[in-house]
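The structure under discussion is supplied below as structure tokens; questions concerning it will follow.
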Amino acid sequence: MRDLSLHMLDIAENSIRAGATRVEIRLAEDLASDLLTLEIRDDGAGMDPATRRNAARPFFTRKPGRRIGLGLALLEQAAREAEGTFDIASAPGEGTRVTATFRFSHPDRKPIGDVAATLEALVAGNPGVGFRYERRTGMDLDVFDTREVGCR
């Protein structure tokens, strides 16, 4: 995947397949610490410990009809290539949180991409799901929440 917005789309779609009715995407640019953090949370089914441990392994998938899964593995690789970290927190019945950090100034950090198009695709394609997107840059916070614009 060539930019972070495509990772956002992939993980949000995973969340929806896991039964999420609410997906929250947070992007935080902390230039003072030279960090970019992407966090995606959902209220889906969550994962048991074995699935969580394997979720970011290349080719692991639970998607019906697919034999390989690369989305989480590619996000983890992107984070590590930019001197960052990657974490999945999840439990059955409690949803999932995926967090990736990147050194903001690292030359291998993927660009953020077209988040507006990603959100448009998610909202238009999933009318029964609520979405919230937050982008924090220093002290500035921009928020898009489907509940505030008359959507779920």
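The values are calculated or read from the model by the stated rules, or taken from the named source; none is laboratory data. The model shown is predicted, which means the values in this text are computed figures rather than measured ones. Note that we place each Cβ from the backbone using ideal geometry, even for glycine, and neighbour counts take in every protein chain shown.
Restricting the first residue to segment 1-27 and requiring it to be more than 18 Å from R109 (Cα to Cα), which pairs with a second residue that is among the hydroxyl-bearing types (S, T, Y) and not in a helix (DSSP H, G or I) meet a Cβ separation below 9 Å and a spacing of at least six or different chains?
Cβ pairs passing all conditions: I11/T96; N14/T96; S15/T96; A18/T96; A20/T96; E24/Y133; I25/Y133.
Okay, moving on. Only residues that are farther than 13 Å from T101 by Cα and either out of contact with any strand residue (DSSP E or B) (no Cβ under 8 Å at 6 or more places or on another chain) or not charged (D, E, K, R) (or both): list them for segment 18-46, please.
A18, G19, A20, T21, V23, I25, A32, G44, A45, G46
Here's another thing I want to ask about it. Looking at the structure I just gave you, is A32 of a type outside the set (D, E), out of contact with any helix residue (DSSP H, G or I) (no Cβ under 7 Å at 6 or more places or on another chain), at pLDDT 90 or above and not in a strand (DSSP E or B)?
The answer is yes for A32.
Another question about this same structure. Looking at segment 5-24, which of its residues are hydrophobic (A, V, I, L, M, F, W, C) and out of contact with any Leu (no Cβ under 6 Å at 6 or more places or on another chain)?
L6, M8, L9, I11, I16, A18, A20, V23
So, one more: Please state which of the following conditions P92 fails to meet, knowing it meets all the rest: (1) outside any helix (DSSP H, G or I); (2) in contact (Cβ under 8 Å) with a residue 40 or more places away in the chain; (3) more than 21 Å from T21 (Cβ to Cβ); (4) more than 12 Å from the chain's Cα centre (by Cα).
(3)
On to the next question. Have a look at A78, A45, A82 and point out the one that is modelled with pLDDT under 95 and either surrounded by 13 or more Cβ atoms within 10 Å (Cβ to Cβ) or touching a Ser or Thr at 6+ places or on another chain (Cβ under 9 Å) (or both).
A45
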